[in-house]
1. Pull out all pairs, ordered by first then second residue, where Cβ-Cβ is under 7 Å, the residues are six or more apart or on different chains, the first lies in region 38-56 and is without any contact (Cβ under 8 Å) to a residue 40 or more places away in the chain, and the second is among the hydrophobic types (A, V, I, L, M, F, W, C).
2. So which residues in region 127-140 are free of Cβ contacts under 8 Å to residues at least 12 places away in the same chain, exposed (fewer than 10 other Cβ atoms within 10 Å of the Cβ) and under 29 Å from Lys100 (Cβ atoms), if there are any at all?
3. Of the residues Glu158, Glu124, Glu167, which is within 21 Å of Leu37 (Cα to Cα) and either among the acidic types (Asp, Glu) or surrounded by 12 or more Cβ atoms within 10 Å (Cβ to Cβ) (or both)?
4. Scan region 57-69 for residues that are in contact (Cβ under 8 Å) with a residue 24 or more places away in the chain and closer than 28 Å to Tyr13 by Cβ and jot them down.
5. State which residue pairs qualify: first residue touching a residue at least 24 places away in the same chain (Cβ under 8 Å) and in a helix (DSSP H, G or I) and inside region 72-85, second residue exposed (fewer than 10 other Cβ atoms within 10 Å of the Cβ) and of a type in the set (Asp, Glu) in any location, beta carbons under 8 Å apart, and separation of 6 or more residues or different chains.
6. Suppose we filter Ala41, Ala51 for residues that are within 17 Å of the chain's Cα centre (by Cα) and modelled with pLDDT of 95 or more; which single one remains?
7. Scan (1) surrounded by 10 or more Cβ atoms within 10 Å (Cβ to Cβ); (2) under 22 Å from the mean Cα position of the chain (by Cα); (3) among the acidic types (Asp, Glu) for the single condition Glu146 breaks and write down its number.
Amino acid sequence: MEQSKLAEKLEGYRRRNSANHCYVNRDLYRLFYNRDLYIVAYNSVKSNDGAETSGADGTSLHGFCEEWITELISSMRDESYQPQPNRTTMIPKKNGKMRKLSFPNGKDKLVQEAIRIILECIYEPTFSNLSYGFRPKRSTQGALAEVETWNGTIWFIEGDISACFDEIDHVIVKT
């Protein structure tokens, strides 16, 4: 399947989910057998900050090659793919506390981006137009411009949920 066919398939998911938010997407897993999905994923993340940061096994996207794609597709087909443990390090926050950073290896970064690409096609059409966090073609500036249009608002709640993900029981999430 060439990248244009992949784009058409993903656009089909986007259209169906936009028209019917309850649409049940079938056969998504087969997308992970598509070489072009991993190439698109690589091109999407290769210039991100941290793309060259290695995971616990010492690999980063710097080592990307066609063999990775072949191995990933094979492990997806026989359902043996297992994400590897992340390399972690602690960094100081502005308030003096420490925050844990996790670094997946290169292959896991590709799989994570492939998942993001697929899920974005399905769920992006269902999100509120007033939601700005981590969405395509949305920014902090867009959120601020929206807030400026609100009349009569006299208070806001500020919060930091960034550390909450460090405290989630991953055993519960996996079940």
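The values are calculated or read from the model by the stated rules, or taken from the named source; none is laboratory data. The model shown is predicted, which means the values in this text are computed figures rather than measured ones. Quick reminder, even Gly has a Cβ in these numbers, built from the backbone with ideal geometry, and neighbours come from all protein chains shown.
1. The qualifying pairs are Lys46/Leu61; Glu52/Leu61.
2. Answer for region 127-140, where residues must be free of Cβ contacts under 8 Å to residues at least 12 places away in the same chain, exposed (fewer than 10 other Cβ atoms within 10 Å of the Cβ) and under 29 Å from Lys100 (Cβ atoms): Gly133, Phe134, Thr140.
3. Working: Glu158 fails: within 21 Å of Leu37 (Cα to Cα); Glu167 fails: within 21 Å of Leu37 (Cα to Cα).
The conditions single out Glu124.
4. Residues satisfying the conditions are Leu61, Phe64, Trp68, Ile69.
5. none
6. Numbers: Ala51 fails: modelled with pLDDT of 95 or more.
Result of the check over Ala41, Ala51: Ala41.
7. (2)
The rows are residues; the columns are (1) in a helix (DSSP H, G or I); (2) surrounded by 13 or more Cβ atoms within 10 Å (Cβ to Cβ).
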{"residue": "Leu10", "(1), (2)": "yes, yes"}
{"residue": "Asn17", "(1), (2)": "yes, yes"}
{"residue": "His21", "(1), (2)": "no, no"}
{"residue": "Tyr29", "(1), (2)": "yes, no"}
{"residue": "Asp36", "(1), (2)": "yes, yes"}
{"residue": "Asn43", "(1), (2)": "yes, no"}
{"residue": "Ser47", "(1), (2)": "no, no"}
